[in-house]
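> Take a look at the following structure, please.
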Amino acid sequence: MEKLVIEGGKPLKGEVEISGAKNSCLPIMAASLLTDEPCVIRNVPPLRDIHTMIKLLKALGIKAEWSNYTVFVEPRVKQRKYIAPYQLVKTMRASVCVLGPLLSKLHRAKVSLPGGCVIGHRPIDLHLKGLSALGGEISIEHGYVVAKAKQLKGARIYLGGPFGSSVLGTANVMMAAVLAKGKTLIENAASEPEIIDLANFLLKMGAKIKGIATHILEIEGVKELKGADYSVIPDRIEAGTYMIAGAITGGDIRLKSAQIEHLGAVIDKLQEAGVEITLQREELRVSRRGKLRPVEVTTLPYPGFPTDMQAQMMSLMTVTEGISVITEKIYPDRFMHVAELNRMGAEIMLEGASAIVKGVKKLSGAPVMASDLRASAALVLAGLVAKGKTEISRIYHLDRGYEAMEKKLAKLGARIWRVKE
Ligand code: EPZ
């Protein structure tokens, strides 16, 4: 096992390149199941989750490989399989987004239920509701979702749950509807940039989708889809994480390839907190000279403040004089990082789905444990500003979603090393 060792206190300076969006790549790779022709997906970072999705495509009889930031997918029509095994799905929940494409293309799918998740209860009832509305016969058997349908048929589907729209639920239903007979209307569709990216990939494959980027998607089913060559958008969550790295260390960094229009809520809150953010020649410059100010943040579906930035924002709040508050409206239990940040001297109190953060003058380096992807990023950010040495174990979580984070941070001047435990 590997861990990260960080010696905090160094303001970060320089330029960092933002990788392609993991949460775009995964459903787009799943969408390649919808065609019999090869697909080329570009700007794909070499992350653990990407390799897991490649393994899953292979298990489904598809030839898939990653090389030089590009995934090549080649279906072998006679060898296709429809079972997504537990062994793979349990390591990555996003595997569930092969369900829609398998059902509409192969007319049957058997996909393991993902099981528990450290960030809280994550049901897939909306996915199943949508696929049933399209005519899928769905049952749960021995821990698997078993779905079949001779021919999916377009339908009107309201896809909202107690916490609003569902990103992968929308992805699954949209991917099923593109090959369904007739028109589908998805109401309360997610409008996250990754869903827009997926829709754009589907358009390139020949799908007919209207209302992209809104909450009502209108899809006219087509008989078949062709292969596509597509480049995914930059990762807004990775960009936001580096923005906080610049801000928390009182540094001055420039983000290459970040897409400013996807970062509105994060930029707004960071500016309110006293961080300077400007756009200079396509690069986003993030710097901080003055004191940080406390802010209140509520996570919401896009274009609200992303839940995937909640933990990182909390790290910034721990060293902001005064009282800051974060309310989590997507995953009310997504607070695994709180106890670890408190071990570093933070003063965070949980009250229901809110965290009340009393800023401290200094965090102090400590051995801490990563519990999930974004919680790991939050610990790295805290380590960058803490006094002394922070050691973060279980960093395989970080490797699921951040490309070579320690290398990118070291290039910005951070004292950070990956070592064997
Ligand atoms: C996606 O997960 C992301 N994953 C998550 O990022 C992200 O946190 C989440 O969207 C919210 O933005 C990928 O894109 C691979 P949801 P997803 O369905 O689609 C409830 C990361 O760190 N819900 O939009 O699974 C659900 O419990 C990961 O990169 C239902 O009630 O999330 C939650 O409260 C972690 N029923 C809310 O909706 C359902 O059927 C939003 O979840 C589905 C979801």
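> If each residue of separation counts as 0.36 nm, what is the full-extension length gain between Val118 and Leu106 once their alpha-carbon separation is subtracted?
Gain on stretching Val118 to Leu106: 1.1 nm.
> Of the listed peptides 122-130, 157-165, what is their order by residue-averaged count of other C-beta atoms within 10 Å, with the highest listed first?
Result, highest mean Cβ count within 10 Å first: 122-130, 157-165.
> Okay, moving on. Could you list the square roots of 5 times each eigenvalue of the Cα gyration tensor of the chain, that is, the equivalent ellipsoid semi-axes, sorted largest first and rounded to whole Å?
Each semi-axis is the square root of five times an eigenvalue, giving 38, 21, 20 Å.
> Additional query: How many nm is it between the label spots at Asp125 and Arg76, if each spot is 7 Å from the Cα in line with the beta carbon?
Modelled inter-label distance: 4.1 nm.
> Determine the percent antiparallel among the DSSP beta bridges restricted to the chain, to the nearest 5.
Bridges in the chain that DSSP calls antiparallel: roughly 70 percent.
> Could you give the angle, 0 to 90 degrees to the nearest 10, between helix 22-31's Cα long axis and the longest principal axis of the Cα atoms of the chain?
Once rounded, the angle reads 10 degrees.
> Now for a different question. Going 7 Å from the Cα of Tyr69 along its beta-carbon direction, which residues of the range 214-245 have the amide nitrogen within less than 19 Å of the resulting point?
229-243
> Take the solvent-accessible surface of the protein heavy atoms, probe 1.4 Å, and return the percent of it on the range 25-227 that carbon and sulfur atoms account for.
Heavy-atom surface of the range 25-227 belonging to carbon and sulfur, 1.4 Å probe: 53 percent.
> So how far apart, in nm, are the two label points at Thr91 and Lys58 if each is 7 Å from Cα heading toward Cβ?
1.0
> Report the paramagnetic label zone for Met1: residues of the range 352-377 whose backbone N is under 18 Å from a point 7 Å from Cα along the Cα-to-Cβ axis.
Correct set: 366-377.
> Run the paramagnetic zone check for Arg281: 7 angstrom along Cα to Cβ, then residues of the range 6-37 with backbone nitrogen under 16 Å.
The answer is 14-17, whose backbone nitrogens lie closer than 16 Å to the label point.
> In nm, give the distance between the simple-model label positions of Glu37 and Asp229, each being 7 Å from the Cα along the Cα-to-Cβ direction.
Placing both labels 7 Å along Cα→Cβ, they lie 1.2 nm apart.
> While we're here: Please give the calculated 222 nm ellipticity per residue for the chain, where each DSSP H segment of at least 4 residues contributes -39500 (n - 2.57) and the sum is spread over every residue; nearest 500 deg cm²/dmol?
-9000 deg cm²/dmol
> Next question, about the same structure. Could you order peptides 377-390, 101-114 by the average number of other Cβ atoms within 10 Å of their residues, highest first?
The most tightly packed comes first, giving 377-390, 101-114.
> May I ask you to order 280-286, 60-66, 136-142 by the average number of other C-beta atoms within 10 Å around their residues, highest value first?
Taking the mean over residues of other Cβ atoms within 10 Å, the ranking is 60-66, 280-286, 136-142.
> I've got another one for you. Averaged per residue, what accessible surface does the range 155-311 expose to a 1.4 Å probe, in Å²?
39
> Given a cut-off of 32 Å, name the pairs among Lys226/Lys408; Lys181/Lys256; Lys78/Lys407; Lys78/Lys181; Lys22/Lys226; Lys13/Lys58 whose C-alpha atoms lie farther apart than that in the structure shown.
Lys226/Lys408; Lys181/Lys256; Lys78/Lys407; Lys13/Lys58
The values are calculated or read from the model by the stated rules, or taken from the named source; none is laboratory data. Keep in mind it's a predicted model, so treat the numbers as computed, not measured. Cβ atoms come from the backbone with ideal geometry, glycine included; neighbour counts cover every protein chain shown. Only protein heavy atoms, including side chains, enter the accessible area calculation; ligands, DNA and RNA are left aside. Shrake-Rupley method; radii C 1.70, N 1.55, O 1.52, S 1.80 Å.
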